[in-house]
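Heads up, the thing below is written out as structure tokens.
Please treat every number below as a calculation from the coordinates, not as lab data. Remember, predicted model here, so these are calculated numbers, not experimental data. Note that we place each Cβ from the backbone using ideal geometry, even for glycine, and neighbour counts take in every protein chain shown.
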Amino acid sequence: MSSQPQFDELIHPATRLSIVALLASADWIDFAFVRDRLNLSDSALSKQFATLEGAGYISIERPLEDRRRRVRVRLTPVGRKAFDGHVAALRAVIDPAGT
Amino acid sequence: MTDEISEAEARLALKVIADREQEVIAQIGIPAWYWCGLAAGWVALGVASDLGNAWVISGATLVFGAVHAAVAQRVLSGRRRSSSLTIRADVVDRHLPIVLFACIVALGVITVALGFLADADGARHASTMASIAPAVAIVCGGPGLVAFLARRSARRG
């Protein structure tokens, strides 16, 4: 499945690229998992999530599990399309003939 | 827009993406409680078999099969090792549940064969004895087998 190359300035900054790349391989990921992988504070990660959620790239759910409030994050179809397009754009930079 | 980034920057970004994907792939696996539960159930079946009561053996086998079927369909996909994430189906080797199920069937055959051998040798608790080696193999080898299959699917990906 090849996507149309579309460089995405919202995704490209290193932290957001890492967040979206993690989410792209999963159906959903717990807030704490992303925070620990990226060594971010809760507030710094929340800020990044708010930006991505505002763009419609991720959705945030808060299910109640084992009497604890969990925060699950998933990539929306819009976010996945943007990520796939961004990856295609990066590949196009490396190999313009390959697109 | 892509003119604004260099080839080196694009390579770096793609490496970040690949590294993050590997971090998720490293989470492929089966929960530890599954292996322990399967091994315990295996030995329990051996003990039940040694009791020699057909009702106990049939009942234990049915309960084991039903519980395993219910649990296996949820965990054998390898996508839910931890409660922190669910890995996308297309990231996990789709053959993983089949390979694991085949291994469990093979262990069942090996257990029966060991049971017959132990019985022929005059062992008093042949079924229990025969179930211990596969149970140890499940606990010690199960996680390693899944890790190997996950690495193999990651290389293919």
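In peptide A:27-33, what is the residue-averaged number of other protein chain Cβ atoms found within 10 Å of each Cβ? Walk me through the numbers on the way to the answer.
Working: counts 8, 5, 6, 5, 1, 1, 7.
Averaged over the peptide's residues, the number is 5.
In degrees from 0 to 90, rounded to the nearest 10, what is the angle of the helix A:77-94 Cα long axis to the longest principal axis of chain A?
40
Hey, rough spin-label estimate for B:A18 and B:A120, points 7 angstrom out along Cα→Cβ, what's it come to in nanometres?
Output for this residue pair reads 5.3 nm.
Where the Cα atoms of the protein assembly as shown are projected onto their three principal axes, how long is each span, largest first, in whole Å?
The Cα atoms of the protein assembly as shown stretch 79, 46, 27 Å along the principal axes, largest first.
Let me know the mean shielding of A:10-22 by other chains, meaning the per-residue number of their Cβ atoms within 10 Å of its Cβ.
On the way: counts 0, 1, 6, 1, 3, 1, 0, 6, 6, 1, 2, 10, 7.
Neighbouring Cβ atoms belonging to other protein chains average 3 per residue here.
If the convex hull of the alpha-carbon atoms of the stretch A:14-98 is projected onto planes in all directions, what is the mean projected area in square nanometres? Don't skip to the end; give the middle numbers.
Numbers: hull surface 24.6 nm².
So the mean shadow area of the Cα hull is 6.1 nm².
Report the FRET efficiency, 1/(1 + (r/R0)^6), for B:I132 and B:R74, where r is their Cβ-Cβ distance and R0 is 30 Å, rounded to 0.05.
Values: r = 27 Å, r/R0 = 0.90.
That gives a FRET efficiency of 0.65.
What whole-number distance in Å separates the alpha-carbon centres of the stretch B:21-54 and the stretch B:64-108?
Their Cα centres are 11 Å away from one another.
Suppose only helical runs count, i.e. DSSP H with n ≥ 4. What mean residue ellipticity at 222 nm does that imply for chain B under -39500 (n - 2.57) per run, divided by all residues and rounded to the nearest 500 deg cm²/dmol?
On the way: 5 runs with 117 residues, N = 157.
For chain B, the value works out to -26000 deg cm²/dmol.
Using only helices, what value at 222 nm comes out for chain A when you add -39,500 (n - 2.57) per DSSP H run of length 4 or more and divide by the total residues, to the nearest 500 deg cm²/dmol?
On the way: 4 runs with 50 residues, N = 99.
Rounded to the nearest 500, it is -16000 deg cm²/dmol.
Can you pull out the chymotrypsin sites (Phe, Trp or Tyr not before Pro) in the stretch A:1-87 that DSSP calls coil and that have at most 12 other Cβ atoms within 10 Å?
Numbers: sites: A:F7, A:W28, A:F31, A:F33, A:F49, A:Y57, A:F83; in loops: A:F7, A:Y57.
When the chymotrypsin sites (Phe, Trp or Tyr not before Pro) of the stretch A:1-87 are filtered for loop state and at most 12 Cβ neighbours within 10 Å, nothing remains.
Please report, for the Cα atoms of the stretch B:1-154, the Rg to one decimal and the Dmax as a whole number; what are they, in angstrom?
Answer for the stretch B:1-154, Rg first and Dmax second: 21.3, 79 Å.
For the stretch A:31-71, what class follows from the C-alpha gyration tensor (a ≥ b ≥ c being the square roots of its eigenvalues): rounded when a/c is under 1.5, otherwise prolate if a/b is larger than b/c, else oblate?
Values: a/c = 2.50, a/b = 1.24, b/c = 2.01.
Oblate is the answer for the stretch A:31-71, as a/c is 1.5 or above yet b/c matches or exceeds a/b.
Would you mind calculating the gained length between B:S83 and B:I5 on full extension (0.36 nm times residue separation, minus the Cα-Cα distance), in nm to one decimal? Please list the in-between numbers first.
Details: separation 78, 0.36 × 78 = 28.08 nm, distance 3.78 nm.
Extending this stretch completely gives an extra 24.3 nm.
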